[in-house]
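The values are calculated or read from the model by the stated rules, or taken from the named source; none is laboratory data. Because the structure is a prediction, the values reported are computed rather than measured. Neighbour counts are summed over all protein chains in view; Cβ atoms, including those assigned to glycine, are modelled from backbone coordinates with ideal geometry. Surface areas here come from the heavy atoms of the whole protein model, side chains and all, with no ligands, DNA or RNA. Shrake-Rupley method; radii C 1.70, N 1.55, O 1.52, S 1.80 Å.
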Amino acid sequence: MLDSALSYFYEAARLGSMRLASEKIGVATSSVSRQIAQLEHELGILLIERGRRSICLTQAGRMTLDYYRDQLADREALLSRLRDLREVKTGRVDLAVGEGFLGRSFGKLIDSFQRRNPGVAVSILSGTTSEIVRMVLEDEAHIGMILNTSNEPKIRTRTSLAQPLEVVCAPSHPAAAMASLTLSELRSFKLCLPPAGFHIRHLLNVAEKRAQTWLEPSIVSSSLQVMRDLVRAGQIVTLLPRIAVVAELEEGTLVVRPLREAELEHTTVSLIHRLGRQLDGAPARLLGRIEAKLKTWADVNA
């Protein structure tokens, strides 16, 4: 099986078109088409459906794509293990994290990791849960960190920790004087929430339908920093997992109160990676550091 033909097929399948693959590789579109045709001839089966403007894989095409992804991952794992044998702490970690987790404590974790592993480059991408799952599936990220778990069969949940959504407010806010709140009680306060596409909103929608109580946020923001700043100012409350505000809880500028809704009391934070992808070297070291910190963060002001 020709390695170059497989790589051309991989790029075309990943990007969804031969033209985009040709631009990525730096060759003519006809070269990409010819390489894929040669690969199909060698395998004796069609990998893509003809007569379509965009790439649509056959069942054999999907199997071949999975095979090549595994080959790339195995090669990466081998190189990482060889680097470790030479006792050289180098490498790269691509991490996809929900915006809700990107607080100061997470930044301190990454800073501490890089101080211990100065030769490791760390790439941190944020997105919605579905975007993070896609990045992990397509090997754009070694590790994903999401709210709740994924039902995708090719995703492995490495660690899952209970982390319910809680009401976050300033210590001076009236909600801070309450032991816990219901959705109905939350409606009486000015609320800041992320946009509708975020998983937090999906979880809230399920709870709202069950309680027949609908939240109407005064402010919608995709920026966790904006949400924290607004809440610290004292007039706004929000809903986040506890680990999103660890630093603020430790310094006493924010407090959390439980939300009494069954759907939200059993949510979790999960660390995920693609099934079959071996995490060695730098990705494995960072994964271990995050796992060790998750329990500590969850217990802050518990």
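The long axis of helix 3-15 is offset from the longest Cα principal axis of the chain by roughly 40 degrees. For the stretch 65-145, a Kirkwood hydrodynamic radius built from all Cα pairs, placed in the Stokes-Einstein relation at 37 °C and 0.692 mPa s, yields a translational diffusion coefficient of 236 µm²/s. Projecting each Cα onto the charge dipole of the stretch 9-123 (Lys/Arg +1, Asp/Glu -1 at the beta carbon, about the Cα centre), which of 79, 47, 29 comes out farthest on the positive side? Selected residue: 79.
Computed from the mean reciprocal separation of all distinct C-alpha pairs, what Kirkwood hydrodynamic radius does the stretch 187-246 have, in Å?
For the stretch 187-246, inverting the mean 1/r across all distinct Cα pairs yields 12.0 Å.
Ordered from longest to shortest, the equivalent ellipsoid semi-axes for the chain are 43, 24, 15 Å, each the square root of 5 times a Cα gyration tensor eigenvalue.
Highest GNM mean-square fluctuation among 166, 23, 261, for the chain modelled with Cα contacts below 10 Å: 23. As a fraction of the 1.4 Å probe accessible area of the stretch 41-159, surface on carbon and sulfur atoms comes out at 49 percent.
When the helix-only estimate is applied to the chain (DSSP H runs of n ≥ 4, each -39,500 (n - 2.57), divided by the residue count), what is the mean residue ellipticity at 222 nm, nearest 500 deg cm²/dmol?
-14000 deg cm²/dmol
Across the stretch 75-83, computed HN-Hα scalar couplings (Karplus, 6.51 cos²θ - 1.76 cosθ + 1.60, θ = phi - 60°) run 5, 4, 5, 4, 4, 5, 5, 5, 5 Hz from first to last residue, x flagging Gly and Pro. For residue 93, nonlocal amide neighbours, meaning residues 5 or more places apart or on other chains whose placed amide H falls under 5 Å from its own, are 121, 122, 123. Here's how it looks for residue 267: its modeled amide H is under 5 Å from those of 163, 165, which are all 5 or more places away or on a different chain. 3J(HN,Hα) couplings calculated from phi for the stretch 59-69 with the Karplus curve 6.51 cos²θ - 1.76 cosθ + 1.60 (θ = phi - 60°) are, in sequence order, 4, 5, x, 5, 5, 5, 4, 4, 4, 5, 4 Hz; Gly and Pro show x. In the context of the full set of protein chains, the chain has a per residue accessible area of 48 Å² (1.4 Å probe). Each of 24, 154 has its accessible area taken with a 1.4 Å probe; listed largest first, they run 24, 154. Of the solvent-accessible surface of the stretch 222-291, computed with a 1.4 Å probe and all protein chains present, 49% belongs to carbon and sulfur. Along the Cα-to-Cβ line of residue 19, 7 Å from the Cα, sits a label point; which residues in the stretch 43-81 have backbone N less than 20 Å from it? Correct set: 48-57.
Remark: spin-label model distance residue 235-residue 50 equals 6.6 nm, labels positioned 7 Å along the Cα→Cβ axis.
For residue 198, no residue 5 or more places off, or on another chain, has a built amide H under 5 Å of its own.
Distances longer than 24 Å among the Cα atoms of the stretch 83-230: what percent of all pairs is that? Don't skip to the end; give the middle numbers.
Details: 4911 of 10878 pairs.
Cα-Cα pairs in the stretch 83-230 separated by more than 24 Å: 45 percent.
Couplings 3J(HN,Hα) for the stretch 20-32, derived from phi with the Karplus relation 6.51 cos²θ - 1.76 cosθ + 1.60 (θ = phi - 60°), are 5, 5, 5, 5, 5, 7, x, 10, 6, 4, 4, 5, 5 Hz, where x marks Gly and Pro. Could you work out the Rg to Rh ratio of the stretch 216-269, with Rh taken as the Kirkwood radius (inverse of the mean 1/r over all Cα pairs)? Reported Rg/Rh, Kirkwood definition of Rh: 0.95.
At a temperature of 4 °C and a viscosity of 1.567 mPa s, determine how fast the stretch 1-87 diffuses translationally according to Stokes-Einstein, using the Kirkwood radius over alpha-carbon pairs as Rh; express D in µm²/s, rounded to the nearest whole number. Display every interim value, and only then the final one.
Working: Rh = 13.7 Å.
It diffuses with D of about 95 µm²/s by this estimate.
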